[in-house]
Every structure is written in C-alpha cells, then in structure tokens.
Amino acid sequence: MKNTYIARICTVILGLTLAACLDDDKYALDPGNTKNVIEFLDPSVPVSPSGSIYPAWGEAFKYDTEIHLERTISFSGPNKNNKDIEVTIAADPVALEDYNAQMENDLHGNTYELMPSNYYAFDATTVTIEKGETKVNIGITLFPPQFDLSKSFAIPIRITSSSSGVISSNFSVGIFSLQIKNKYDANYKATITTTGWAAYGIADGTPGVYPGVIGLVTTGPNTNQLANGNRGDNLQPAFTTANAGATGFGNTSPIFVWNATTNDLTAVNNAILPNSQGRDLHINPAPIAESNHFYETASGTHTARSFIADYIMTMPGRPDQRIIMNMVFDSER
C-alpha cells in the first residue's frame, strides 16, 4: 500500500510538471511563425464594458464650426515592418447594430445612434503604414453645426483590408462615441437662495452653499439641462443648510436656454412637463442686477466663467417660489 501511495504522488507531480512545461511552451512562440496584427490602438480607456464584441471609446469636444481628430491604427507584433502596408477603413453600421444589441440584451451598457454621414468626413479611407513604422493615423473632421446635440452618436469604423499582417477579430472595429458640448457645458459650484422655506426654519433670502457638483449638460446648441450631482439626478436643488439637507424639487428639472451671441439667459423651462404637481419654471421678470447673463473673463491662460440665474417656480395653489442660483465655474465636464 505504501509503494502504491508513493507511486500515485509521483504520478501527480509528473503531471503537474508536464502541465507547467506546456504552459511555458504557450508563451515560447517562434516569431517566424507569428504574424503581426492590424488593429485600432487604444486612444484612452474604453467606455465599453468587459466582454463587449468591439471596444468603444468616448470623447467630448468643445463646440466649433469644424473639429479635426485623429485615431491610430497599429501594426502590432514581434516582426519588423519591412515594407509599406496599405490599410483601408470604412464606416460599418452593422457593427454598431451588433454592439447595441449586445449592450441592450446582455451587458446593459450605453448604446449609440449611428452618426449621419453629413456630420463627419474621413480625410482618406486608405492610409499607409510606411516601411519601418508600426502606426498610422486616420483623420476625421466633424461638422458640429450639423449635429443634434441632444443625441449620443458614434462612428463605427472597421478596418476592411490590409496588404500585410492579420486583421484583428476584435480590435479591427472601433466604436467611436464623439460628443459635442456647447460652451455652457461644465461643472459649477453654486450658492442657492430660495423663498418659501419658512416651514423649515429658513428665512427667505438665506443663502446656502450647495455641497455637490452642479453640472450643465448639453441638450442642444444653446440649451443645457441641470445635473444635480449630489443626488445623481436632474432635479432642481432646493436648498442646503444645517437645517435642511440636500433637497430637490420633485418634477422640476431646469432647461437653460441661451442666446449664444449675447450670452443672455433667455428662458428657464421645466423638462418634466406635464407633471402631477403642475410645476413650471420661468425667468424672473424683475431679476437682480447682473443676473441671467453668462460671463467669460480671460486672465492669462485661464478663463473664469460664471452666471447668476434668477427664475421662478410656479405651482397651482401655492405661492411662487423664487430661485436664485449663483453658479461659478468649477471644472470641465
């Protein structure tokens, strides 16, 4: 029995040793039998969840009449590039459909609308990785005046052919989510003054500094929806003091409408209409001085941005509640 037991132990040790050798062999590949791979190079950390059929990358740009960007195709592997390599690309709507289906049905990630062809143009659809090089950039020009800024668009780009190397099965397609932000889109620090909070022990006009980030998110060329960072929703922050915690007006989500030429705030609308409480918003007809205007002040390389929004919340059966939000630029979104 003792000899049998020892023999079994030796068999197990031999098996583990052979397995280790096989694992080592997996990484000891002969470079002569390995081809380089043609693929998109990561421009940043992908926004797609783990397990997605194609990688997706996201980037937001400040609004301009034209925006030019570049993305990189790589010749990756152990072999040197000893000749010019021609690579062809094309938009692939089917790839985006497959990606969105996987997000909706399995991975529950973000989905995107196909960017219309008049929103962008490739500099060229055939590019050359020159001899001795391992990378080449493709150029894309965006035309923001064409954009519907309220939607999330993506360009699905496929590497369709290459004169050398093996085209990657996964990274031969890139889902590029390219968003345009208007100039008011940013995070702000806010001091909020309201009326109508006497029941909470707060006198009208008492200022309270809101502790969370308040963002303005682009919904159109000249419109932004408020993002209530402390609550993780789009509701109007009501007030924050020692007496009242971070609160929000239900059914009240401000949409700020700007005159892009004068930078005046021309309207504040409620994005949640109709609603069960009948709450609506409108500009205060008698606002405080220097309010309802967006200020940009350059100082060296820094541009200070701020505005004071003075508007009214109306609700049937209750007095109007005045809201004054003093918003000071905090950071880019």
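Among the candidates GLY15, GLY32, the residue that is at pLDDT below 90, exposed (fewer than 10 other Cβ atoms within 10 Å of the Cβ) and outside any loop (DSSP other than H, G, I, E, B) is uniquely GLY32.
When the stretch 190-211 is filtered for residues that are over 20 Å from ARG231 (Cα atoms), surrounded by fewer than 18 Cβ atoms within 10 Å (Cβ to Cβ) and at pLDDT 70 or above, the ones remaining, listed by number, are ALA198, ALA203, ASP204, GLY205, THR206. For ALA242, indicate whether it is modelled with pLDDT under 90, under 25 Å from GLU332 (Cα atoms) and either outside any strand (DSSP E or B) or among the aromatic types (Phe, Trp, Tyr) (or both). It is false that ALA242 is modelled with pLDDT under 90, under 25 Å from GLU332 (Cα atoms) and either outside any strand (DSSP E or B) or among the aromatic types (Phe, Trp, Tyr) (or both). The lone criterion from (1) of a type in the set (Gly, Ala, Ser); (2) more than 16 Å from ILE214 (Cβ to Cβ); (3) surrounded by fewer than 11 Cβ atoms within 10 Å (Cβ to Cβ) left unmet by SER291 is number (3). For the criterion of being modelled with pLDDT of 95 or more, more than 15 Å from GLU39 (Cβ to Cβ) and part of a helix (DSSP H, G or I), ASP98 passes. Is it the case, given these coordinates, that ASN118 is of a type in the set (S, T, N, Q) and touching a residue at least 12 places away in the same chain (Cβ under 8 Å)? In short, yes.
The residues of the stretch 133-171 that are under 18 Å from the mean Cα position of the chain (by Cα), outside any loop (DSSP other than H, G, I, E, B) and not aromatic (Phe, Trp, Tyr), listed by number, are LEU142, PRO144, ALA154, ILE155, PRO156.
Just name the residue that is surrounded by the most Cβ atoms within 10 Å (Cβ to Cβ) out of those in the stretch 69-95 that are assigned to a strand (DSSP E or B) and among the polar types (S, T, N, Q). So that I can check it myself, show each step before the final result.
So in the stretch 69-95, the residues assigned to a strand (DSSP E or B) come out as 69-76, 85-91.
Of the ones still in play, those that are also among the polar types (S, T, N, Q) are 72, 74, 76, 88.
Values: THR72: 15, SER74: 19, SER76: 16, THR88: 14.
Filtering the stretch 69-95 for residues that are assigned to a strand (DSSP E or B) and among the polar types (S, T, N, Q), the one surrounded by the most Cβ atoms within 10 Å (Cβ to Cβ) comes out as SER74.
Spot the failing condition for TYR112; the list is (1) over 13 Å from ALA90 (Cα atoms); (2) touching a Gly at 6+ places or on another chain (Cβ under 7 Å), and only one is missed. All conditions pass for TYR112, except number (2). Tell me yes or no: at least one residue of the stretch 49-68 is at pLDDT below 95, in contact with a strand residue (DSSP E or B) (Cβ under 9 Å, 6 or more places away or on another chain), surrounded by 14 or more Cβ atoms within 10 Å (Cβ to Cβ) and more than 20 Å from LEU178 (Cα to Cα). So far as the stretch 49-68 goes, no, none of its residues is at pLDDT below 95, in contact with a strand residue (DSSP E or B) (Cβ under 9 Å, 6 or more places away or on another chain), surrounded by 14 or more Cβ atoms within 10 Å (Cβ to Cβ) and more than 20 Å from LEU178 (Cα to Cα).
Inspect the stretch 102-117 for any residue being under 27 Å from LYS35 (Cβ atoms) and either assigned by TED's automatic domain parsing to the domain that holds SER50 or surrounded by fewer than 18 Cβ atoms within 10 Å (Cβ to Cβ) (or both) and give the result as yes or no. The answer is no, given that none of the residues of the stretch 102-117 is under 27 Å from LYS35 (Cβ atoms) and either assigned by TED's automatic domain parsing to the domain that holds SER50 or surrounded by fewer than 18 Cβ atoms within 10 Å (Cβ to Cβ) (or both).
The values are calculated or read from the model by the stated rules, or taken from the named source; none is laboratory data. Not measured: the values here are computed from a predicted model. Cβ atoms come from the backbone with ideal geometry, glycine included; neighbour counts cover every protein chain shown.
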